[in-house]
Amino acid sequence: MTQPASKKIAILQSNYIPWKGYFDMIAAVDEFILYDDVQFTKNDWRNRNQIKTPQGVQWLTVPVGQNIKRRIRDVELPDNQWQKQHWRTLESNYRRAAHFEEVAAIFEPLYLQRRYTHLSTLNRDLIEAVCACLGITTKISNSWDYQLIEGKTGRLVDLCTQAGASEYISGPSAQDYIEEGAFAERGIKLSWFGYADYPEYPQLWGAFTHNVSILDLLFNCGDNAPRYMRYVRP
């Protein structure tokens, strides 16, 4: 009897120009579900990230207004002035990077030629652009492509079942609340994703840091970026 094909799935909120570990998780699975039906959290990675500058690490924050009682998918962007400001900041700090020109050709139009009205759309466009740069072909879905039930772990398990998952890959922070037995009851393997043991890469501006946007790696390393990741293949 033929065994059903295995399918790995990860479910995670969209982030703004996430760090390299986020994309390693995408590359490690067969389908990555953007979980933007959950509560927006202030001062989190949903609408901001870090870059390297001569003065040290700097935050790039997308303005989203003061209302935090909304789902991520409902977060509207009040204006687009920040888009030009963010691109100018990226350009001024990375124009000396070895691969700035080739990477800028991909991302500059997203910042300067598109008008984003919702955070989820912005994040997904940038995530997909990075995946294209890295050669990641994982299917990316939105959580609202599926029926959503109530319950923290129950909803994740049900999403996995609807998507045909045999294995659910979770970030380590979820160990505090995930009920592991709920996955076993549905015959779904639960695995924890680790972010340790990344090698350093050529990086501008002083002491090396891992915890910056993936754009830092792309600007500095270009097509060689996968060599400094764990699941993205060169």
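The values are calculated or read from the model by the stated rules, or taken from the named source; none is laboratory data. Quantities reported herein were computed from a predicted structural model and do not represent experimental measurements. Cβ: placed from backbone, ideal geometry, glycine included. Neighbour counts: every protein chain shown. Remember, those area values only see protein heavy atoms, side chains included, never the ligands or the DNA or RNA. Shrake-Rupley method; radii C 1.70, N 1.55, O 1.52, S 1.80 Å.
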Estimated 222 nm signal from helices in the chain, with DSSP H stretches of n ≥ 4 weighted -39500 (n - 2.57), rounded to 500
-10000 deg cm²/dmol
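Can you give the convex hull volume of the alpha carbon atoms of the range 32-109 per residue, in Å³?
Values: hull volume 10.0 nm³, N = 78.
Once divided by residue count, the hull of the range 32-109 is 128 Å³.
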Per-residue accessible area, 1.4 Å probe, largest first, puts Glu76, Glu167, Glu185, Glu31 in the order Glu185, Glu76, Glu167, Glu31
Over the chain, with every protein chain in place, what whole percent of the accessible area is carbon and sulfur at 1.4 Å, could you tell me?
45
Taking the square root of 5λ for each eigenvalue of the C-alpha gyration tensor of the chain, the equivalent ellipsoid has semi-axes, largest first and in whole angstrom, of 31, 22, 15
Antiparallel bridge percentage (DSSP; both residues within the chain; nearest 5)
40
I'd like the orientation of helix 100-112 relative to the chain: the angle between its Cα long axis and the longest Cα principal axis, in ° from 0 to 90, rounded to 10.
70
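Roll a 1.4 Å probe over the protein chains and send me the accessible area per residue for the chain in Å².
Working: 11700 Å² over 234 residues.
Ligands and nucleic acids excluded, the result is 50 Å² per residue.
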When you count, for each residue, the other Cβ atoms within 10 Å and take the mean per peptide, how do 16-24, 169-177, 40-48 rank with the highest first?
16-24, 40-48, 169-177
Average projected area of the Cα convex hull of the range 148-234, in nm²?
7.7
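Can you give the direction-averaged projected area of the convex hull of the alpha-carbon atoms in the range 86-151, in nm²?
Average projection, Cα convex hull of the range 86-151: 6.5 nm².
Over 20 Å apart: what share of the alpha carbon pairs of the range 1-135 falls there, rounded to a whole percent?
Working: 4527 of 9045 pairs.
The proportion of pairs with Cα distances above 20 Å equals 50 percent.
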For the range 164-188 and the range 63-113, distance of Cα centres in Å
34
